[in-house]
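A short worksheet on the structure shown next.
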Amino acid sequence: SAVERARRTPETELADLASLTEEAYRDVREAILGLREAGKVDRGFIESLEAYLEKYSHQSGIPATLETTLEGELILPPRSELQIIRVIQEALTNVRKHGSAKAVAIRIDERADGTVIVVEDDGHGFDVAETLLGHDGFGLHTMRERMELVGGTLTIDSAPGRGTRIIAMMPRLVQAGHAFKEVGTLL
């Protein structure tokens, strides 16, 4: 309200500005780190993700681990890989910004119907429906749209007091000649 704004001191305004600046700086560092890791073509997806998680843990102070049941590398079309990388980055940014988490784990599992990537934290969680309706839900909507662009799905499982799980599902890929395609889509 106008009364509350009038009561704010220059020191309070400066403290808020400093906080916003620090948050923006951290976001830019994460974006630069993500672009640097995503651009390394000599690494596979898993190796790149492990390197990213190590740097994320160092910068955020939140231990991030990777668990996978894959026997080898995760092979995805480049377009799908890029979107999944961005979904993981957004999920981890949300953990750092909003979750008050002490740890975050990423799990990658190959199932009969496709590949599942889960980002799970032990933070305080949130009301999914309320967040998706409000202005804070923009990142969640973007993550869902990214998965839909590549024929996948995104499920958000959270509630106040029990942490958050982001579940990204990629349908099984089939090889057609020398190119990969998602089942049910044209090359």
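The values are calculated or read from the model by the stated rules, or taken from the named source; none is laboratory data. Model, not experiment: these values are computed from the prediction. All Cβ positions, even for glycine, are placed from backbone atoms using ideal geometry, and neighbour counts span all protein chains on display. Note: accessible area is taken over every heavy atom of the protein model, side chains too, but ligands, DNA and RNA are not part of it. Shrake-Rupley method; radii C 1.70, N 1.55, O 1.52, S 1.80 Å.
Checking Leu20 against (1) of a type outside the set (D, E, K, R); (2) at pLDDT 75 or above; (3) out of contact with any Lys or Arg (no Cβ under 6 Å at 6 or more places or on another chain), which single condition isn't satisfied?
(2)
Which condition breaks for Met169 when tested against (1) modelled with pLDDT of 90 or more; (2) open to solvent by 40 Å² or more (accessible area, probe 1.4 Å)?
(2)
Answer yes or no: is there a residue in the stretch 105-127 that is in a helix (DSSP H, G or I) and open to solvent by 80 Å² or more (accessible area, probe 1.4 Å).
No, because not a single residue in the stretch 105-127 is in a helix (DSSP H, G or I) and open to solvent by 80 Å² or more (accessible area, probe 1.4 Å).
Restricting to the stretch 143-164, name every residue that is buried (at least 18 other Cβ atoms within 10 Å of the Cβ), in contact (Cβ under 8 Å) with a residue 60 or more places away in the chain and not small (Gly, Ala, Ser).
Residues satisfying the conditions are Arg146, Met147, Val150, Leu154, Thr164.
Search the stretch 43-54 for residues being assigned to a helix (DSSP H, G or I) and either at positive phi or of a type outside the set (Ser, Thr, Tyr) (or both), and hand back the single one that is most open to solvent (accessible area, probe 1.4 Å).
Only one residue tops the list, namely Glu54.
Out of the residues in the stretch 60-80 meeting the condition of being buried (at least 18 other Cβ atoms within 10 Å of the Cβ) and part of a helix (DSSP H, G or I), tell me which one is modelled with the lowest pLDDT.
The qualifying residue modelled with the lowest pLDDT is Ser80.
Ser57 versus (1) among the hydroxyl-bearing types (Ser, Thr, Tyr); (2) free of Cβ contacts under 8 Å to residues at least 40 places away in the same chain; (3) buried (at least 17 other Cβ atoms within 10 Å of the Cβ): which is the lone unmet condition?
With (1) among the hydroxyl-bearing types (Ser, Thr, Tyr); (2) free of Cβ contacts under 8 Å to residues at least 40 places away in the same chain; (3) buried (at least 17 other Cβ atoms within 10 Å of the Cβ) applied to Ser57, the lone miss is (3).
Could you please tell me which pairs satisfy a Cβ distance under 7 Å, a separation of 6+ or placement on different chains, a first residue in the stretch 105-116 that is within 16 Å of Thr65 (Cα to Cα), and a second residue that is hydrophobic (A, V, I, L, M, F, W, C) and modelled with pLDDT under 85?
The qualifying pairs are Ile108/Leu74.
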